[in-house]
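Have a look at the structure below before the remarks.
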Amino acid sequence: MQLLVISGGRHPYAESSPILGDFLSAAGYDLSITDNPSILANAAEMSEYDALIFNTRREDLPDFGDLTLSPAEQEGMKQFIRSGKGFICLHIGTCVPTAWPEFHDITGGGWITGSSFHPPY
């Protein structure tokens with residue numbers, strides 16, 4: 001099974017994505033990890049993958065810049081999921097970007113910046 005992991009954003013993704021990759025590789029999966037979501041807009045490249053894993057936070061954040069998905073990336077992701085391929089969203093990857101409220105429908109819920117919270121660590 002071919003997996004694509006989209007990483008990056010405000011959380012320790014530089015640390016967690018390699019660990020996730022090692023775990024998935026040891027379980028026998030073939031995977032690619034990238035911080036660049038532009039592949040989502042390329043249907044031919046996306047067709048090579050069986051599942052998409054979001055270990056990322058794709059928002060416009062003051063201290064990280066605008067990491068929101070472009071309209072073409074959003075549409076490519078929707079087409080990938082509609083085609084019956086898998087989508088796994090980890091932890092804060094469910095964060096609903098202001099620029100793409102429909103993402104909430106895809107994930108079935110998620111973190112809403114300014115409204116959601118979690119208890120102290």
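The values are calculated or read from the model by the stated rules, or taken from the named source; none is laboratory data. None of the values given here were measured: they were computed from a predicted structure. Don't worry about glycine lacking a Cβ; one is built from the backbone with ideal geometry, like all the others, and counts go over all protein chains shown. Just so you know, the surface numbers come from the protein's heavy atoms only, side chains and all, with ligands and any DNA or RNA stripped out. Shrake-Rupley method; radii C 1.70, N 1.55, O 1.52, S 1.80 Å.
Output the number of residues of region 1-14 satisfying the condition of being open to solvent by 30 Å² or more (accessible area, probe 1.4 Å) and small (Gly, Ala, Ser).
Taking region 1-14 first, the residues open to solvent by 30 Å² or more (accessible area, probe 1.4 Å) are 1-2, 10-12, 14.
In the following step, the residues that additionally are small (Gly, Ala, Ser) were identified as 14.
Matching residues across region 1-14 total 1.
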Lone unmet requirement of (1) of a type in the set (Ser, Thr, Tyr); (2) under 15 Å from GLY8 (Cβ atoms); (3) under 11 Å from the mean Cα position of the chain (by Cα) for THR107
(2)
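Name the one entry in ILE88, ILE53, ILE112 that is over 13 Å from GLY8 (Cα atoms) and touching a strand residue (DSSP E or B) at 6+ places or on another chain (Cβ under 6 Å).
Details: ILE53 fails: over 13 Å from GLY8 (Cα atoms); ILE112 fails: touching a strand residue (DSSP E or B) at 6+ places or on another chain (Cβ under 6 Å).
Answer to the selection: ILE88.
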